[in-house]
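Trainee: Before I ask anything, here is the structure I am working with.
Taken together, the values in this text are just the output of simple stated rules run on the coordinates, not laboratory data. Bear in mind that the values here come from a model prediction, so they are computed numbers and not experimental data. Backbone-built Cβ (ideal geometry, glycine too); neighbour counts: all protein chains shown.
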Amino acid sequence: MKVIVIVILAVVAAGVFYVYRNPIAVSELVNDTPLEGAVRSTLGTTRVYKWRDTEGTVHITDEPPPEGTKFEQLEYQNDANVVPSVATKNTKNN
């Protein structure tokens, strides 16, 4: 009996560790369910939508775009830096 309890605790601990290390993978399991908000806030993930309007302006919002608009769904951990780095020129100073 002790062995079974130890095995179950080890499996649960491994599952918790996996969720802690890979929150984005787990949040896909709860997409569009009543648990989605609670899981996202607990795991620290944010979903955003990136899309272009008819004038070519790029929008990044936390709400889905208007019906029929092509969009890209992105997910980030709240503590991640999602700002792209600025391209620099390599110049020689003479």
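Trainee: Using 0.36 nm times the number of residues separating residue 79 and residue 41, minus their current alpha carbon distance, what extension gain do you get?
Mentor: Result for the pair: 12.5 nm of gain on full extension.
Trainee: Another question, then. Taking only the alpha-carbon atoms of the range 3-75, what semi-axes of the equivalent ellipsoid follow from 5 times the gyration tensor eigenvalues under a square root, in whole Å, largest first?
Mentor: In descending order, the three semi-axes are 37, 11, 9 Å.
Trainee: Could you rank the peptides 55-64, 38-47, 69-78 by their average count of other C-beta atoms within 10 Å per residue, with the highest value first?
Mentor: Top to bottom by mean Cβ count within 10 Å: 38-47, 69-78, 55-64.
Trainee: Between residue 48 and residue 60, what is 0.36 nm times their sequence separation minus the Cα-Cα distance? Round to one decimal in nm.
Mentor: 3.7 nm
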